[in-house]
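Colleague: Have a look at this one.
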Amino acid sequence: QVQLVESGGGLVQAGGSLRLSCAASGRIFTMDAMGWYRQAPGKPRDLVAIITRGGNPIYADSVKGRFTISRDIAKKSVYLQMNSLKPEDTGDYYCGMAPWGPEYWGQGTQVTVSP
(Lines give C-alpha, C1' and ligand atoms only; values in the text may rest on other atoms or scores of the structure.)
Protein backbone atom coordinates (compact mmCIF):
# COMPACT_ATOMS: atom_id res chain seq x y z
CA GLN A 1 0.00 0.00 0.00
CA VAL A 2 0.93 3.62 -0.58
CA GLN A 3 0.07 6.55 1.63
CA LEU A 4 0.20 10.21 0.65
CA VAL A 5 -0.27 12.86 3.31
CA GLU A 6 -0.68 16.53 2.46
CA SER A 7 -0.18 19.50 4.74
CA GLY A 8 0.13 23.25 4.55
CA GLY A 9 -3.29 24.41 3.47
CA GLY A 10 -5.13 27.25 5.12
CA LEU A 11 -6.73 30.64 4.76
CA VAL A 12 -4.79 33.47 3.16
CA GLN A 13 -5.57 36.85 1.67
CA ALA A 14 -5.21 37.49 -2.03
CA GLY A 15 -1.60 38.21 -2.87
CA GLY A 16 -0.34 36.00 -0.09
CA SER A 17 1.62 32.76 -0.15
CA LEU A 18 1.27 29.19 1.05
CA ARG A 19 3.50 26.15 0.81
CA LEU A 20 1.95 22.72 0.48
CA SER A 21 3.82 19.55 1.34
CA CYS A 22 3.10 15.93 0.48
CA ALA A 23 4.94 12.97 1.94
CA ALA A 24 4.67 9.54 0.39
CA SER A 25 5.23 6.29 2.24
CA GLY A 26 4.61 2.59 1.85
CA ARG A 27 5.44 0.36 -1.11
CA ILE A 28 7.30 2.91 -3.18
CA PHE A 29 10.37 1.53 -4.88
CA THR A 30 11.10 4.40 -7.21
CA MET A 31 10.28 8.10 -7.19
CA ASP A 32 7.82 8.38 -10.04
CA ALA A 33 5.98 11.46 -11.21
CA MET A 34 4.14 13.33 -8.47
CA GLY A 35 1.91 16.32 -8.58
CA TRP A 36 -0.87 18.49 -7.33
CA TYR A 37 -4.45 18.73 -8.49
CA ARG A 38 -7.09 21.19 -7.36
CA GLN A 39 -10.84 20.78 -7.00
CA ALA A 40 -12.97 23.86 -6.53
CA PRO A 41 -16.55 23.52 -5.24
CA GLY A 42 -18.80 22.10 -7.94
CA LYS A 43 -15.95 21.64 -10.39
CA PRO A 44 -13.84 18.70 -11.53
CA ARG A 45 -10.35 18.00 -10.22
CA ASP A 46 -7.85 19.81 -12.42
CA LEU A 47 -4.10 19.69 -12.81
CA VAL A 48 -2.11 22.35 -11.00
CA ALA A 49 1.46 21.10 -11.35
CA ILE A 50 3.35 17.87 -11.89
CA ILE A 51 7.00 17.03 -11.54
CA THR A 52 8.01 14.17 -13.80
CA ARG A 53 10.17 11.21 -12.90
CA GLY A 54 13.06 13.05 -14.51
CA GLY A 55 12.43 16.15 -12.42
CA ASN A 56 10.81 18.33 -15.06
CA PRO A 57 7.95 20.55 -13.88
CA ILE A 58 4.68 20.96 -15.76
CA TYR A 59 2.23 23.68 -14.81
CA ALA A 60 -1.32 24.63 -15.60
CA ASP A 61 -1.40 27.91 -17.50
CA SER A 62 -3.34 29.55 -14.69
CA VAL A 63 -0.49 29.11 -12.19
CA LYS A 64 2.59 29.61 -14.36
CA GLY A 65 4.89 32.21 -12.87
CA ARG A 66 3.16 32.04 -9.47
CA PHE A 67 3.50 28.44 -8.33
CA THR A 68 6.63 26.31 -8.07
CA ILE A 69 6.68 22.55 -7.66
CA SER A 70 9.70 20.81 -6.19
CA ARG A 71 10.58 17.50 -4.64
CA ASP A 72 12.93 15.80 -2.20
CA ILE A 73 13.61 12.30 -3.44
CA ALA A 74 15.24 11.18 -0.21
CA LYS A 75 12.15 12.23 1.73
CA LYS A 76 9.74 10.95 -0.95
CA SER A 77 8.09 14.32 -0.79
CA VAL A 78 6.76 16.92 -3.17
CA TYR A 79 6.09 20.57 -2.44
CA LEU A 80 4.06 23.35 -3.99
CA GLN A 81 5.10 26.92 -3.28
CA MET A 82 2.15 29.16 -4.10
CA ASN A 83 2.75 32.89 -4.41
CA SER A 84 0.53 35.78 -5.49
CA LEU A 85 -2.51 33.74 -4.60
CA LYS A 86 -5.86 34.67 -6.11
CA PRO A 87 -9.40 33.91 -4.94
CA GLU A 88 -9.77 31.57 -7.92
CA ASP A 89 -6.99 29.41 -6.45
CA THR A 90 -9.42 28.39 -3.70
CA GLY A 91 -10.13 24.68 -3.51
CA ASP A 92 -9.08 21.34 -2.16
CA TYR A 93 -5.55 20.45 -3.21
CA TYR A 94 -4.74 16.80 -3.72
CA CYS A 95 -1.34 15.23 -3.98
CA GLY A 96 -0.99 12.27 -6.29
CA MET A 97 1.65 10.12 -7.87
CA ALA A 98 2.01 7.84 -10.83
CA PRO A 99 0.41 5.55 -11.78
CA TRP A 100 -2.40 7.75 -10.43
CA GLY A 101 -4.61 4.86 -9.33
CA PRO A 102 -7.08 5.21 -6.46
CA GLU A 103 -4.51 4.40 -3.78
CA TYR A 104 -2.05 6.96 -5.13
CA TRP A 105 -3.86 10.03 -3.83
CA GLY A 106 -3.86 11.90 -0.56
CA GLN A 107 -6.91 13.04 1.33
CA GLY A 108 -6.48 16.65 0.29
CA THR A 109 -5.76 19.92 2.02
CA GLN A 110 -7.99 22.95 1.78
CA VAL A 111 -6.79 26.30 0.49
CA THR A 112 -8.99 29.36 0.80
CA VAL A 113 -7.96 32.69 -0.67
CA SER A 114 -10.02 35.65 0.45
CA PRO A 115 -10.38 38.77 -1.74
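Colleague: On the basis of being out of contact with any helix residue (DSSP H, G or I) (no Cβ under 6 Å at 6 or more places or on another chain), open to solvent by less than 60 Å² (accessible area, probe 1.4 Å) and in a strand (DSSP E or B), does I58 make the cut?
Modeller: no
Colleague: For region 59-79, how many residues meet the condition of being in contact with a Ser or Thr (Cβ under 9 Å, 6 or more places away or on another chain) and either among the basic types (K, R) or within 14 Å of A98 (Cα to Cα) (or both)?
Modeller: Residues that pass the stated criteria total 5.
Colleague: Among (1) over 20 Å from L11 (Cα atoms); (2) touching a Phe, Trp or Tyr at 6+ places or on another chain (Cβ under 6 Å), which single condition is K75 missing?
Modeller: Here K75 meets the rest and fails (2).
Colleague: Suppose the filter is within 14 Å of the chain's Cα centre (by Cα) and within 13 Å of G15 (Cα to Cα); does D46 pass it?
Modeller: No; evaluated as a whole, the condition is false for this residue.
Colleague: Any residue in region 81-107 that's modelled with pLDDT under 95: show its pairings with residues that are open to solvent by 60 Å² or more (accessible area, probe 1.4 Å) at Cβ separation under 7 Å, as long as the two are six or more apart or on different chains.
Modeller: Correct list of pairs: E103/Q1.
Colleague: Every residue in region 32-52 that is open to solvent by 20 Å² or more (accessible area, probe 1.4 Å) and in contact with a strand residue (DSSP E or B) (Cβ under 9 Å, 6 or more places away or on another chain), please.
Modeller: Within region 32-52, D32, Y37, R38, Q39, A40, P41, K43, R45, D46, L47, I50, T52 qualify.
Colleague: Can you name every residue in region 1-31 that is open to solvent by 50 Å² or more (accessible area, probe 1.4 Å) and under 15 Å from the mean Cα position of the chain (by Cα)?
Modeller: Q3, V5, S7, S17, R19
Colleague: Go through (1) in a loop (DSSP other than H, G, I, E, B); (2) within 11 Å of the chain's Cα centre (by Cα) one by one and return the number of the condition G65 breaks.
Modeller: (2)
Colleague: Scan region 90-100 and tell me whether some residue there is open to solvent by less than 30 Å² (accessible area, probe 1.4 Å), out of contact with any Lys or Arg (no Cβ under 6 Å at 6 or more places or on another chain), among the acidic types (D, E) and farther than 14 Å from A33 by Cβ.
Modeller: No: region 90-100 contains no residue that is open to solvent by less than 30 Å² (accessible area, probe 1.4 Å), out of contact with any Lys or Arg (no Cβ under 6 Å at 6 or more places or on another chain), among the acidic types (D, E) and farther than 14 Å from A33 by Cβ.
The values are calculated or read from the model by the stated rules, or taken from the named source; none is laboratory data. Small disclaimer: the values here were computed from a predicted structure and weren't measured. Here Cβ is always computed from backbone atoms with ideal geometry, including for glycine, and neighbour counts include all displayed protein chains. Side chains included, ligands, DNA and RNA excluded: accessible areas come from the protein's heavy atoms. Shrake-Rupley method; radii C 1.70, N 1.55, O 1.52, S 1.80 Å.
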